[in-house]
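Everything below concerns the one structure shown next.
The values are calculated or read from the model by the stated rules, or taken from the named source; none is laboratory data. Predicted, not measured: the structure shown is a model, and the values here were computed from it. Note that we place each Cβ from the backbone using ideal geometry, even for glycine, and neighbour counts take in every protein chain shown. Accessible surface areas use protein heavy atoms only, side chains included; no ligands, DNA or RNA. Shrake-Rupley method; radii C 1.70, N 1.55, O 1.52, S 1.80 Å.
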Amino acid sequence: MTNTDFNVKSIIPALPDEKIDMLAATSVLQQQATEIRTQRVNWQSYHQSQMISQEDYSFIVAFDNADAASREGLLRDNRNQCARTFLNLLGHVSKDQTIQYILIMIDDMLQEDHSRVEIFREHSSKKRETVWGPFLNLLNRPDGFIMNMTSRIIAKIACWSQELMDRSDLQFYLTWLKDQLKQNSEALTDANLHGSRAVQDLSPDSVPETPAEQHEENLNNEYMQSVARCLQMMLRIDEYRFAFVAVDGISTLLAVLQGRVNFQVQYQLIFCLWVLTFNPLLAEKMNKFSVIPILADILSDSVKEKVTRIILAVFRNLIEKPEEAAVSKEHCIAMVQCKVLKQLSILEQRKFDDEDIVADIEFLNEKLQASVQDLSSFDEYATEVKSGRLEWSPVHKSPKFWRENAPRLNEKNHELLRILIHLLESNRDPLVLSVASFDIGEYVRHYPRGKHACCSVIEQLGGKQLVMQLLGHEDPNVRYEALLAVQKLMVHNWEYLGRQLEKEQTQSTKQPAGATNLAAKA
């Protein structure tokens, strides 16, 4: 086992299920489950119509009517029959209400005793079939309750079984979870936009949100919580983390967090980021997804202690877990750049009962204050550029900074220069565009004279064309900075051409002494 092959079970202290909130008693989904449990299935009708066999009928009737003690004995003596009956029913019954009831029975059975997940494993091994097929197929059902209850069962089998989920099935399941997060987030965003318009439209003809629309919005929020709970379980296992990153899971978590979601979903998704950061390799790469700026924004707006606590825990891991000190330092600088020190000073004024919050505030304060003292102007600049959140901080307007550091934009294959040019192409914020244009101009102006490479690199990377396009930008400040940058590019080019021409003329007027003597003799 390598240093990075950590199993989260050995890293994170054992958390009881209620900490992950797998079954929130007050949730809409759980209320649905409670209602469905009261609507008992008439198994005899299925047996009489020969939709289920005598063996399956006998087992399911006995199981459905058993109390916890009787159920334990029934499962001890009929492990294989249990798996066979449930899978046969899921495969042969088409009625949504019955499928819902069966899934609740399975979920309750697993919740009573986690080791019962092996019942399905053992059955699939005997039949030389994958345990996942029957459940993964149900994820395609249109009924939201069926999909999400099935997803919860899959997460429990994947996490509580002694064997890990197969790679292809794991990829399918994690992609499904990721897509569900995106779809529910988009649905909530649309609902919020609809609500905003309704508030703005105060005319007598305005149509208020109907109870059905309100119910659908609640379900979208609840289903997102259910999906997040499954991820909270899955990402506690290290092997599953890398698979989630491979399907672009981190970007999805952050995209949803940047939308309008309630504090419970915020907490759950940041919890997912937290468990990811327990792997040193992932902790090192995390801020390439702009985790720190996004969480810093949430921290500044957060009014819920649980959200504050989990963000501070993520920040602590981003400093503690990376094995390279340079990465930890970079993360500290990024936090300083995102005004986390200011938030920590505000949090210090509040009283918290949770000792972890107090300890994390002290830890982060100490580390960030130390990083500020060691911070060079170039470190500060590089962190700001990498964050993508450019503003008129002092280094941009400092001629001394540019004289000393302009060539450093070429380091790591022109990393910072590439980021600046990418911001010109992808960013829509006038402030960012103005500062990026200015920086490119200063890079050209202060680059060591006699070298044409800087303009050539900017042109090769598409920077010159992008700056020129900004000459027509709607914002006057962007147009102004773009014009200055173009002028600096042109001046540098003309100076270079002038020097080249002067050099050629000098060389042509100078002739070797031997050549002069030969001419005289001739």
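Here the stretch 395-483 exposes an accessible surface that is 50 percent carbon and sulfur, computed with a 1.4 Å probe and the other protein chains kept in place.
From the protein chains alone at 1.4 Å, what is the descending order of accessible area for TRP402, TRP176, largest first? Numbers along the way, then the final one.
On the way: TRP402 0, TRP176 25 Å².
Largest accessible area first, the residues go TRP176, TRP402.
From most to least packed by mean Cβ count within 10 Å, the peptides 38-45, 146-153 give 146-153, 38-45. Classify the stretch 397-442 as rounded, prolate or oblate from the Cα gyration tensor: take a ≥ b ≥ c as the square roots of its eigenvalues, call it rounded if a/c is under 1.5, otherwise prolate when a/b beats b/c and oblate if not. Since a/c reaches 1.5 but b/c is at least a/b, the shape of the stretch 397-442 is classed as oblate. For the residue pairs LYS182/LYS306; LYS342/LYS397; LYS288/LYS464; LYS126/LYS178, the alpha carbons lie more than 30 Å apart in LYS126/LYS178.
Normalised per residue, the accessible area of the stretch 214-368 is 39 Å², obtained with a 1.4 Å probe and no contribution from ligands, DNA or RNA.
Peptides 332-339, 79-86, ordered by how many other C-beta atoms sit within 10 Å of their residues on average, highest first, read 332-339, 79-86. With a cut-off of 13 Å between beta carbons, the residues surrounding VAL372 carry a summed charge of 0, where Lys and Arg count +1 and Asp and Glu -1.
Which net charge results when you count Lys and Arg as +1 and Asp and Glu as -1 among the other residues whose beta-carbon is under 13 Å from that of ILE146?
Combined, the nearby Lys, Arg, Asp and Glu give 0.
Within the accessible surface of the stretch 273-371, defined with a 1.4 Å probe on protein heavy atoms only, the carbon and sulfur portion equals 47 percent.
Local charge for LYS126 was computed over the other residues whose Cβ lies under 13 Å away, with Lys and Arg +1 and Asp and Glu -1, and equals +2.
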